[in-house]
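Following: one structure in C-alpha cells, then a few remarks.
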Amino acid sequence: MPFEVKIPPMGESINSGVLAKWYVQDGDVVKKDQPLFELETDKITTEGTAETAGRVSLLVAAGTEVKIGAVVAKIDESNTATVGSPLAGAPVAPTSPQSAIANPQSPSVRRLAAETGINPATVTGTGKAGRVTKGDMLEASSGKSAPVGSPLAGAPTPPPTPTTSASPVSAIPNPKSPSERQTRKKLSPLRKRIAERLVQAQHEAAMLTTFNEVDMSAVIALRKKYQDDFVKKHGVKLGFMSFFTKAVVAALRDVPALNAQFAGDEIIQNNYFDIGVAVSTDRGLMVPVLRDCDQQSMAGIEQSLADLAKRAREGKITLPDLEGGVFTITNGGIFGSMLSTPILNAPQAGILGLHAINERPVVVDGQIVIRPMMYLALSYDHRLVDGREAVTFLVKAKQVIEDPARLLIGA
C-alpha cells in the first residue's frame, strides 16, 4: 500500500497553509528525507520531506490551500527505479515529432510553450527520437522554422508585398491588451496575516509616535577601531543592531512600562528581555526574537541575529523563533528611510524604528559641526505608556548610543 505524504503539524495556532510549490514532479523517484514541497502558513514557511523512498504521485496542485494532516501525495515504496525512468516493467514506445508532445518535455520547452503559445507538437523536433528541443522552440518562435504540417514548410518564400507607410497611430509598438495591463494573485497566508495584524494593532491600541535624533559618531568610531579584531575572534561583523539592542535593554530597565502588555483588565509586566528584530524577506516581514538580550554579549547578539535572519530569508524559521518577544526593533534605514512611524507588534507596548545615517550640520558646544545623525522613532501604546515615559526611553537609548561606555558601567 502506498505511503501517504501528509501536511505535518505546525503548532496549535496553525490549522492550514498553502502548498506553495513542489520540488519534485509527478512520477519522480525520491529518496528518504528529500525535500518534496514548500508550505506557506500565516506565520512561517517550511519544507515537507519524504519519510520514505519510492516513486511519488502528486495529489494536490501547487497553490492549493491544504489543512494540517491532509494527504497531498503518495509514495510507492516498491518502485525505486532511477529518477526520471519510465514505470517499472512498462514498455517504452518510440516517439515521433508529431507524438513528442504526449511524452514528458523538458522544463525549458514547457516554459517556452507557455510564453509563446506555440504547441510543441506543431514544431519539427531535432532532438533524439524526434524530440522537440529548446532550440527548436526558439526557432519556431522567431519565425525561422515553420510548424509541422504547415503549408509553407519547405516552400519558397514569396517576395514581400509592397505596403504603405504606417500612420503615426499605428506606429505605437505592441500596445498592451487589458489582460496585460494588470495581473492578480491571491494573498499568501503570511502576507494576509501581516495585513490582519497591522490593522488589528491600529484598531486595538492607542498608538502614538515620538521622535529623537542620535549622533552615531561614537558607535561608528568603535566599529572602525575594533571591527577586524571582532571578526577574527567571533566570526561575525560588529553591526549597529547589537548596540541598539543593548540600548533598548537599558532603556527598558529605566522605563518598565514599555516592557508590559495588556491582558483583558490586567497589565502583564515582563521581567525579561527577549527583543524582536524585524527581518525583510521575499515573502514578507518577519520578526524573529533574540532571547535574554540582557545576558548576551555583543558577539552573542550579532551571531544570533545573523543565524535568525539567514533562516528567515531561507524559509527555515520555526514558530518558536517568532514567539515571546517583549519589544521590537525595526531598521528601515537599510533601505534608505529617513523617517517613519513604525506600527506596534501586538501585544507589545513599544517598537523602535531606526533610520538612515546621514551627515548633517549640528551644534556642539556652540559650534556648528558635521556629524553622522540618525532619527529614532518610538511608537508606543498610550494606554500603557505616558508621553513622559516615552521621551525618557528615547533619551536613555540616545545616551547609550552616543556614549557606549555607559554599557560597561551600567550608567
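Structural remarks
- Charge context of R55, other residues only, Cβ under 11 angstrom, K/R +1, D/E -1: -3
- Listed peptides 382-393, 339-350 appear in the order 339-350, 382-393 once ranked by packing, highest mean of other Cβ atoms within 10 Å at the front.
- The range 24-41 and the range 229-287 have Cα centres spaced 37 Å apart.
- Using the Cβ of D321 as centre and a radius below 12 Å, the other residues enclosed give a net charge of +2, where K and R count +1 and D and E count -1.
- Arranged from fewest to most other beta-carbon atoms within 10 Å of their beta carbon, V279, V231 become V231, V279.
- When the range 190-409 is reduced to its Cα atoms, the Kirkwood hydrodynamic radius in Å: 18.0 Å
- Remark: for residue pairs K225/K396; K237/K398; K43/K224, the C-alpha separation exceeds 27 Å in K43/K224.
- Available extension along the chain between L319 and S141 is 59.4 nm, counting 0.36 nm per residue and deducting the alpha carbon span.
- Projected onto its three principal axes, the C-alpha set of the range 330-411 covers 42, 34, 23 Å, listed from the longest axis down.
FYI, it's all coordinate maths here, none of it is from the lab. Since the model is a prediction, treat every value here as computed from it, not as a measurement. Backbone-built Cβ (ideal geometry, glycine too); neighbour counts: all protein chains shown.
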